[in-house]
1. What's the ranking of 121-133, 91-103 by average number of surrounding C-beta atoms within 10 Å, highest first?
2. Treat each spin label as a single point 7 Å out from the Cα along the C-beta direction, and report the C78 to R46 distance in nm.
Amino acid sequence: MTDSAPTTPASARPADPALLGLIRSHGDLRADHMRAYREDADDADRLARQADELLARITAMLPAAADPDEAHALANLCLRAYTGQPPSYPGSRTPYVVVAIHGVSVAVQRRARDLYVHLDTSETEDKVVAVEINGGGEHDYALR
């Protein structure tokens with residue numbers, strides 16, 4: 001990529017309208033697969049294959065990314081939204097939205113009294129997570 005050619009992020013380009021439904025279905029399949037995997041159920045392999053096939057369809061529908069790193073991030077992104085059910089908080093103003101990337105799940109929800117952000121790093125080997133809010137400097141959180 002050259003400095004003289006500004007690019008529009010793929011996330012800002014229009015995508016196929018059916019994409020949102022497929023992403024939702026992929027999230028459901030991944031959740032079902034993880035449940036089956038944890039329970040050592042017979043259908044875990046089938047669910048994993050279905051999730052992989054659906055992810056390939058989703059990836060093919062994404063707008064072409066000019067940057068290979070952006071394309072990789074979009075292809076590996078897992079997005080889920082929960083409305084009106086746990087883990088929704090009483091007085092929630094928005095759905096509980098979870099984005100998973102690089103083995104970390106980031107959940108965000110606007111509530112009546114605050115903005116709730118949850119980080120789940122249990123799938124990683126990280127010992128410290130550095131978090132920065134509004135440019136106020138990094139704060140390290142020891143995990144183990």
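1. The densest-packed peptide leads the list: 91-103, 121-133.
2. 2.1
We did not get these values from a lab; they are worked out from the coordinates using the rules stated. Just so it is clear, the structure is predicted and the values come from calculations on it, not from any experiment. No Cβ is skipped: glycine too gets one built from the backbone with ideal geometry, and neighbour counts run over all protein chains shown.
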